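Notes to accompany the following structure.
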């Protein structure tokens with residue numbers, strides 16, 4: 001199939017990997033841009049974040065968040081483990097085959113669900129009102145914990161944030177502010 005082709009609701013194009021470095025260090029976003037016309041082929045009329053699946057080169061991906069960046073364009077962040085599997089970094093060319101991931105589901109970890117149900121049902125109600133992507137940020141943060149102690153601490157912070165009707169970004173900003181004091 002030639003680049004920039006469409007088949008079965010999937011887009012196929014080649015692009016450059018970008019890196020946004022706001023503070024002059026190695027941190028920042030590594031991402032690809034998805035132009036408006038291609039984004040509209042994935043999900044016509046959509047202007048909000050959505051989950052996609054497909055392949056980056058030959059590496060299979062699913063449940064990735066395609067986020068709007070203005071003027072109808074979107075970006076897809078490339079986590080370190082994906083870049084490592086691709087053996088690519090900023091400036092490299094990447095073949096992208098994506099489609100809307102309609103089957104993406106957020107699985108709430110059992111320990112988090114139990115804490116919500118038995119301790120804070122109002123917090124659970126707020127948590128469930130968040131968009132799938134925002135629930136996913138909390139859940140990934142919890143499941144990425146390397147120790148049981150860190151995981152328990154993150155669950156407690158998640159429940160506390162939900163009780164206070166804070167989304168993931170607001171919770172992180174508050175934590176940063178507390179660390180700076």
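Each value in this text was obtained by applying a stated rule to the coordinates, not by laboratory testing. Just so you know, these numbers come straight off a predicted model, no measurement behind them. Here Cβ is always computed from backbone atoms with ideal geometry, including for glycine, and neighbour counts include all displayed protein chains.
Before moving on, here are some points about what is shown:
- Potential lengthening of the chain between residue 103 and residue 47 amounts to 18.2 nm, from the contour at 0.36 nm per residue minus the alpha-carbon distance.
- Tilt relative to the chain, helix 110-119 - C-alpha long axis, 0 to 90 degrees, to 10: 40 degrees
- Nearest-0.05 FRET efficiency for residue 69 and residue 165, computed from C-beta distance (R0 30 Å): 0.65
- Per-residue [θ]222 nm for the chain (sum of -39500 (n - 2.57) over DSSP H runs n ≥ 4, rounded to 500): -12000 deg cm²/dmol
- Nearest 10 degrees, 0 to 90: helix 168-180 Cα axis against the chain principal axis: 70 degrees
- Kirkwood radius for the chain, taken over all pairs of different Cα atoms as the inverse mean of 1/r, rounds to 18.2 Å.
- Region 5-100 shape via C-alpha gyration tensor axes, a/c threshold 1.5: oblate
- Most tightly packed first, judged by the mean number of other beta-carbon atoms within 10 Å of their residues, the peptides 117-125, 60-68 read 60-68, 117-125.
- Using a cutoff of 8 angstrom between alpha carbon atoms and counting only pairs six or more residues apart, the relative contact order for the chain works out to 20 percent.
- Point-to-point label distance, residue 143-residue 37, nm (Cα→Cβ direction, 7 Å offset): 3.7 nm
- Degrees, to the nearest 10: 148-163 long Cα axis against longest axis of the chain: 90 degrees
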